[in-house]
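K.L.:
Once you've had a glance at the structure underneath, I'll fire off some questions.
The values are calculated or read from the model by the stated rules, or taken from the named source; none is laboratory data. The structure displayed is predicted, hence computed values, not measured ones. Every residue, glycine among them, receives a Cβ derived from its backbone with ideal geometry; neighbour counts consider all protein chains shown. Protein only, heavy atoms only, side chains kept; ligands, DNA and RNA dropped before computing areas. Shrake-Rupley method; radii C 1.70, N 1.55, O 1.52, S 1.80 Å.
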Amino acid sequence: MKVSSFKHGSHPAEFKEYTEHKTLEPLPIPEEVFIPVIQHIGAPCKPVVKVGDEVKTGQLIAESTGFVSSNIHSSITGKVKKIGDFPHPNGTKSPMIQIVAEGDEEWVKVHDHTEPWGEMSVEQLKKIIADAGIVGMGGAAFPTNVKVSPPRDKKIETFIINGCECEPYLTADHRMMVEQAKEMIEGTQILMKILDVEKAFIGIESNKPDAIEIMQKSTEHLPGITIIPLKVKYPQGAEKMLIKAVNKREVPAGSLPMDVGCVVNNVGTAIAVYEAVVKKIPSINRIVTVTGDAVTEPKNVIARIGTPFSKLIEFCGGLKPDTKKILMGGPMMGVAQYSLDVPVVKATSGILCLTKKSVPYREEFTCIVCGRCVHACPMFLVPTRIARAVEAGKFEMADELGIMNCIECGSCAYECPSNIPLVQRIRIGKNKIREMKNKKS
Ligand code: SF4
Ligand code: SF4
């Protein structure tokens, strides 16, 4: 099998075996949900319900407040108990709508069109996607209706579905491709119509041969869709790396994929588009891989947005006594969690639970100038110099060294034999530079 890829990158151990063959299991409807009013890149939403209101599943509860923003819907049928600050997986306390389940489940549809999507206009389809609150399910959570609306001067020629799932441990996208192939392909066709492209590519890392086979079979009668097997290399699923691997185009530093005529959407996003347009269901579910050596029975779970992490872990048999660390996402780009009360949000691809054995103490040593971080960096940066500039408070120098082009993939830190937390330092530097630039403007 011929496989494509990009230059540099790293090869962390995959650990997919915990869940790659586990079929999707729906979590029972939770007794209560905590739904954040911000789950996306962009402006927070404004609640349109108040305490005491009865809500149905799929009902709009917080509406977008800007072009880059995304609607939020109730994921259960019940009553609004509180609107206030609760722990968010991003580490802050954030405004959320707490809903307690009551009565039998009743649904509100996201639209009432009766015609098939092939007869709808592009504007109708984009409105459904916006109304349904669909955001990029690959982790970035950028509103999809904005992503598929490039300015007129940016003609899109290449549409790519990202089926890489290169983060170790995570298998939610893999299982979606295996179990929801029909829905994913139809979602891809809807997106192709919106973007006015004749061709789409589905990039899948070659460690998912069953997904590649199913996708190839599902698209053999569709000449516009091509399956591209990709080398197993991290971060193959980063947009710029995926574009390079699929159609050899470079997205220059500071540019967007649309600047080189490309749009990339995730597998889960294509399925969410299908569900909104064909089934009339807004974005209220999320497929989450609950995995790692600290969880009793790792699974791929279909969870309602707003369900506390504790409920998913309970559904997977609970945590082992020597649990040391919990992350939202994978080990390379995931965010450490300090409470299991935090809810599943649209960007929750996984809950990774690790024991002490998997999170050994790593003493930091001085840089031995081995160059491994430089060789690993897919953005061709010099991570060691950037991190040193940040440590010395030389933020302008870090900026000149291209810190803002870092995609925070973590390959540099993973490769460093001196255990220097390079990506963590770079993240601090990026935040500081953003702050400095905001103050100036
Ligand atoms: S500098 Fe940034 S982009 Fe480069 S390897 Fe490190 S985290 Fe990844
Ligand atoms: S990998 Fe670590 S030790 Fe090697 S050059 Fe980079 S920072 Fe220094």
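K.L.:
State the percentage of accessible surface on the chain attributable to carbon and sulfur atoms; use a 1.4 Å probe and exclude ligands, DNA and RNA. Before the final figure, lay out the partial values.
P.N.:
Numbers: 10580 of 19660 Å².
That share works out to 54 percent.
K.L.:
Which whole-number value in Å³ per residue fits the convex hull of the alpha carbons of segment 286-360?
P.N.:
Each residue corresponds to 74 Å³ of Cα convex hull volume.
K.L.:
I'd like the Karplus ³J(HN,Hα) series for segment 267-274: coefficients 6.51, -1.76, 1.60, θ = phi - 60°, whole numbers in Hz, and an x wherever there's a Gly or Pro.
P.N.:
Computed from phi, the couplings for segment 267-274 are 3, x, 5, 4, 5, 4, 5, 4 Hz.
K.L.:
List the trypsin sites (Lys or Arg not before Pro) in segment 36-123 that DSSP assigns to loop (not H, G, I, E or B) and whose Cβ has at most 16 other Cβ atoms within 10 Å. Which are they?
P.N.:
Those satisfying the criteria are K50, K56, K109.
K.L.:
Taking a threshold of 26 Å on the Cα-Cα distance, which of the pairs K22/K182; K127/K299; K16/K182; K127/K199; K325/K439; K182/K299 fall above it?
P.N.:
Pairs exceeding 26 Å: K127/K299; K325/K439.
K.L.:
Quick one: Karplus J couplings for segment 184-196, per residue in order, coefficients 6.51, -1.76, 1.60, θ = phi - 60°, nearest Hz, x for Gly and Pro?
P.N.:
5, 5, 5, x, 5, 5, 5, 5, 4, 5, 4, 7, 6
K.L.:
Taking the Cα centre of segment 372-440 as the origin, how large is its charge dipole in debye, to the nearest 20, when only Lys and Arg (+1) and Asp and Glu (-1) carry charge on their Cβ atoms?
P.N.:
About 240 debye.
K.L.:
Where does segment 81-230 land on Rg/Rh, using Cα atoms and the Kirkwood Rh?
P.N.:
Details: Rg = 18.3 Å, Rh = 18.1 Å.
Rg divided by Rh gives 1.01.
K.L.:
For the chain, report the accessible area per residue in Å² (1.4 Å probe, heavy atoms, rounded to an integer).
P.N.:
Values: 19660 Å² over 441 residues.
That works out to 45 Å² per residue.
K.L.:
Determine, from the Cβ-Cβ distance of E364 and H221 and an R0 of 51 Å, the FRET efficiency 1/(1 + (r/R0)^6), rounded to the nearest 0.05. Display every interim value, and only then the final one.
P.N.:
Working: r = 55 Å, r/R0 = 1.09.
It comes out at approximately 0.40.
K.L.:
If you don't mind, another one. Return the loop-located chymotrypsin sites (Phe, Trp or Tyr not before Pro) in segment 35-143 (DSSP other than H, G, I, E, B) with at most 12 other Cβ atoms within 10 Å of their own Cβ; answer none if there are none. Before the final figure, lay out the partial values.
P.N.:
Details: sites: F67, W107, W117; in loops: F67.
Qualifying residues, ordered by number: F67.
K.L.:
Share of Cα-Cα pairs in segment 192-334 beyond 21 Å, in percent?
P.N.:
When all Cα pairs of segment 192-334 are counted, 59 percent exceed 21 Å.
K.L.:
Report the Stokes-Einstein translational diffusion coefficient (µm² s⁻¹, integer) for the chain, Rh taken as the Kirkwood radius over Cα pairs, at 10 °C with viscosity 1.306 mPa s. Before the final figure, lay out the partial values.
P.N.:
Numbers: Rh = 22.5 Å.
The Stokes-Einstein estimate is 71 µm²/s.
K.L.:
Continuing with this model, one more query. Treat each spin label as a single point 7 Å out from the Cα along the C-beta direction, and report the K182 to K127 distance in nm.
P.N.:
So the two model labels end up 2.9 nm from each other.
K.L.:
At what distance in nm do the modelled label points of H11 and E54 sit from each other, each positioned 7 Å from its Cα along Cα→Cβ?
P.N.:
Going by the 7 Å Cα→Cβ label model, 6.1 nm.
K.L.:
Here's another thing I want to ask about it. Using only alpha carbons, build the gyration tensor for segment 372-440 and give me the equivalent ellipsoid semi-axes, biggest first, whole Å.
P.N.:
20, 11, 10
K.L.:
Please sort by residue number the GluC sites (Glu not before Pro) in segment 213-281 whose DSSP state is loop and whose Cβ has at most 15 other Cβ atoms within 10 Å.
P.N.:
In loop regions of segment 213-281 (DSSP not H, G, I, E or B), the sparsely surrounded GluC sites (Glu not before Pro) are E220, E250.
K.L.:
Okay, next question. Tell me the Rg and the Dmax, in Å, that the Cα atoms of segment 334-379 produce.
P.N.:
16.2, 42
K.L.:
Leaving ligands and nucleic acids out of the surface, order V100, V264 by accessible area at 1.4 Å, largest first.
P.N.:
Largest to smallest exposure gives the sequence V100, V264.
K.L.:
Compute the Cα gyration tensor for segment 141-195, then decide on rounded, prolate or oblate, letting a ≥ b ≥ c be the square roots of its eigenvalues: rounded whenever a/c is under 1.5, prolate when a/b is larger than b/c in the other cases, and oblate in all that remain.
P.N.:
prolate
K.L.:
Still on this structure: Tell me the mean residue ellipticity at 222 nm calculated for the chain from its helices only (DSSP H runs of n ≥ 4, each -39500 (n - 2.57), averaged over every residue, nearest 500).
P.N.:
Values: 13 runs with 116 residues, N = 441.
Per the formula, -7500 deg cm²/dmol.
K.L.:
Can you compute the equivalent ellipsoid semi-axes for segment 303-441, i.e. the square root of 5 times each eigenvalue of the Cα gyration tensor, sorted largest first and rounded to whole Å?
P.N.:
Those come to 32, 20, 12 Å.
K.L.:
Return the aspartates and glutamates within reach of K432: Cα separation strictly under 12 angstrom, same-chain partners fewer than 8 residues apart disregarded; answer none if there are no such residues.
P.N.:
E391, E396, D399
K.L.:
Any chance you could get the radius of gyration and Dmax over the Cα atoms of segment 1-92, in Å?
P.N.:
19.3, 58
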